[in-house]
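S.K.: My questions will all concern the structure given below.
The values are calculated or read from the model by the stated rules, or taken from the named source; none is laboratory data. What you see is a predicted model; the values in this text were computed from it and never measured. Backbone-built Cβ (ideal geometry, glycine too); neighbour counts: all protein chains shown. Keep in mind that these areas ignore ligands, DNA and RNA; they rest on the heavy atoms of the full protein, side chains included. Shrake-Rupley method; radii C 1.70, N 1.55, O 1.52, S 1.80 Å.
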Amino acid sequence: MAQDSQAEADMLKWAQGIARKNGWELNPDEDHLGTVIRGLVRNKTKFGRPYCPCRLRSGDEEKDRTIECPCIYHKDEIAHDGHCHCLLYYKKP
């Protein structure tokens, strides 16, 4: 159980770094944020990559790299909607 907590803390730190680097912020709703972080950890543990937990994997590793967080869609989604599909990354107000 402690290993899961450490993996989640590491993933959260990683996501915070991406947000900071891009001038975004993470979802302020801690419940939703935790759900997405746990999904990223689960996918990284199960498949070896932090695939977006809100998108379906095809099983084709090359094709699925497009949905590795942050996925190829995130910049357009944040620019257009103010957040990515998973509601992980948000444009700063």
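S.K.: Just one of [x] 13.4; [y] 13.7; [z] 15.9 is Kirkwood radius over Cα pairs in Å as worked out from the coordinates here. Which one is it?
M.R.: The calculated read-out lines up with [x].
S.K.: On the protein heavy atoms, probe 1.4 angstrom, tell me the percent of accessible surface of the chain carried by carbon and sulfur. Walk me through the intermediate numbers first.
M.R.: On the way: 3060 of 6190 Å².
About 49 percent, which is the carbon plus sulfur part of the accessible surface.
S.K.: Moving to a separate point now. Between 23, 59, 82, which gets the highest mean-square fluctuation from a Gaussian network model of the chain, Cα cutoff 10 Å?
M.R.: Result: 59 has the largest fluctuation of those listed.
S.K.: Still on this structure, please answer the following. Give, as a single signed number, the net charge of other residues whose beta carbon lies under 9 Å from the beta carbon of residue 25, with Lys and Arg counted +1 and Asp and Glu -1. Don't skip to the end; give the middle numbers.
M.R.: Values: positive: 20, 91, 92; negative: none.
Local charge sum for residue 25: +3.
S.K.: For the pair residue 45/residue 8, report the inter-label distance in nm, with labels modelled 7 Å from Cα in the Cβ direction.
M.R.: Going from the residue 45 label point to the residue 8 one covers 1.0 nm.
S.K.: Next question, about the same structure. Can you compute the charge dipole magnitude of segment 1-88 about its Cα centre, using +1 on each Lys and Arg Cβ and -1 on each Asp and Glu Cβ, nothing else charged? Give it in debye, rounded to the nearest 20. Mind showing how you got there, number by number?
M.R.: Details: 13 positive and 15 negative charges, 57 e Å.
Roughly 280 debye, rounded to the nearest 20.
S.K.: Let me ask something additional. Considering only protein heavy atoms, what per residue accessible area in square angstrom results for the chain with a 1.4 angstrom probe?
M.R.: Values: 6190 Å² over 93 residues.
Solvent-accessible surface per residue comes out at 67 Å².
S.K.: Taking the Cβ of residue 56 as the centre, find all other residues whose Cβ is under 13 Å away and add up their charges (Lys, Arg: +1; Asp, Glu: -1). Mind dumping the intermediate values first?
M.R.: Working: positive: 55, 57, 63; negative: 60, 64.
Result for the neighbourhood of residue 56: +1.
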